[in-house]
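Novice: One structure coming up, written as structure tokens, with questions to follow.
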Amino acid sequence: MKTGIRCRLTGTENGQKRVLTLSSVRTEILADLLGRGIQCRFVARGNSMLPLIKDGDVIVLSPYGNRSPRVGQVVAAIHPVTGRLLVHRVIGKRRGSCLTKGDNTATADGWFLDYNIPGRVSQVLRSGRANGFGLGRNGAFVALLSRLGLFLRLVSCCRVLAPLTGRKE
């Protein structure tokens with residue numbers, strides 16, 4: 001059970017009413033820090049990026065600066081309407097926007113403008129040790145498999161075969 005302070009603020013931005021939750025305020029602070037070139041880290045919640053990122057892993061985000069996200073990179077994307085932070089993989093690019101999708105999800109999140117992607121995952125720490133599979137050069141291959149709907153099937157096969165080979169997942 002999660003406990004904590006719940007906060008709901010309302011205001012207007014560009015003439016539209018906007019609801020700010022404690023979560024969206026944290027997201028705005030994170031985006032501001034990354035925009036200033038400051039590396040950030042936080043604890044991941046959820047399983048949408050399994051097996052690369054597990055619930056409870058520590059994620060290190062590095063700012064993009066003037067660079068643009070590339071296909072295969074795992075990025076921090078801020079939903080323009082809800083203000084929700086997503087840490088998912090870029091599986092497509094077109095004119096200043098990126099299509100993102102969780103490695104462990106069946107459907108893509110949609111297209112995000114590059115300015116709604118303030119940073120990329122530069123490191124994943126699990127039990128204090130770095131887990132880098134899917135962050136480097138093989139990220140583009142994982143993105144291709146994910147976009148074709150094959151990554152989840154491959155991961156499922158590995159989970160079934162792991163006990164037979166005596167190896168951990």
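The values are calculated or read from the model by the stated rules, or taken from the named source; none is laboratory data. None of the values given here were measured: they were computed from a predicted structure. Cβ coordinates were reconstructed from backbone atoms using ideal geometry, including for glycine residues, and neighbour counts include every protein chain displayed.
Novice: Taking segment 138-169 on its own, how many of its residues are modelled with pLDDT of 80 or more and either of a type in the set (A, V, I, L, M, F, W, C) or within 20 Å of VAL75 (Cβ to Cβ) (or both)?
Specialist: The qualifying residues number 15.
Novice: Could you figure out which of (1) outside any strand (DSSP E or B); (2) crowded, with 18+ Cβ neighbours inside 10 Å isn't true of ALA76?
Specialist: Unmet for ALA76, out of (1) outside any strand (DSSP E or B); (2) crowded, with 18+ Cβ neighbours inside 10 Å: (1).
Novice: A further question on this structure: Take VAL71 and decide whether it is closer than 18 Å to ARG137 by Cα, touching a residue at least 24 places away in the same chain (Cβ under 8 Å) and β-branched (Val, Ile, Thr).
Specialist: The answer is yes for VAL71.
Table: residues versus (1) surrounded by 14 or more Cβ atoms within 10 Å (Cβ to Cβ); (2) of a type in the set (Lys, Arg); (3) more than 18 Å from ALA140 (Cα to Cα).
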{"residue": "PRO51", "(1), (2), (3)": "yes, no, no"}
{"residue": "ASP55", "(1), (2), (3)": "no, no, yes"}
{"residue": "ARG94", "(1), (2), (3)": "no, yes, no"}
{"residue": "ASP109", "(1), (2), (3)": "yes, no, no"}
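Novice: Name the single residue that is surrounded by the fewest Cβ atoms within 10 Å (Cβ to Cβ) among those in segment 111-127 being closer than 24 Å to VAL155 by Cβ and either more than 14 Å from the chain's Cα centre (by Cα) or touching a residue at least 60 places away in the same chain (Cβ under 8 Å) (or both).
Specialist: Only one residue tops the list, namely SER127.
Novice: Within segment 36-67, which residues are modelled with pLDDT of 90 or more, more than 15 Å from the chain's Cα centre (by Cα) and small (Gly, Ala, Ser)?
Specialist: GLY37
Novice: Checking the structure you have, find out if any residue of segment 98-114 is out of contact with any Phe, Trp or Tyr (no Cβ under 8 Å at 6 or more places or on another chain), assigned to a loop (DSSP other than H, G, I, E, B) and of a type in the set (Asp, Glu).
Specialist: Yes, some residue in segment 98-114 is out of contact with any Phe, Trp or Tyr (no Cβ under 8 Å at 6 or more places or on another chain), assigned to a loop (DSSP other than H, G, I, E, B) and of a type in the set (Asp, Glu).
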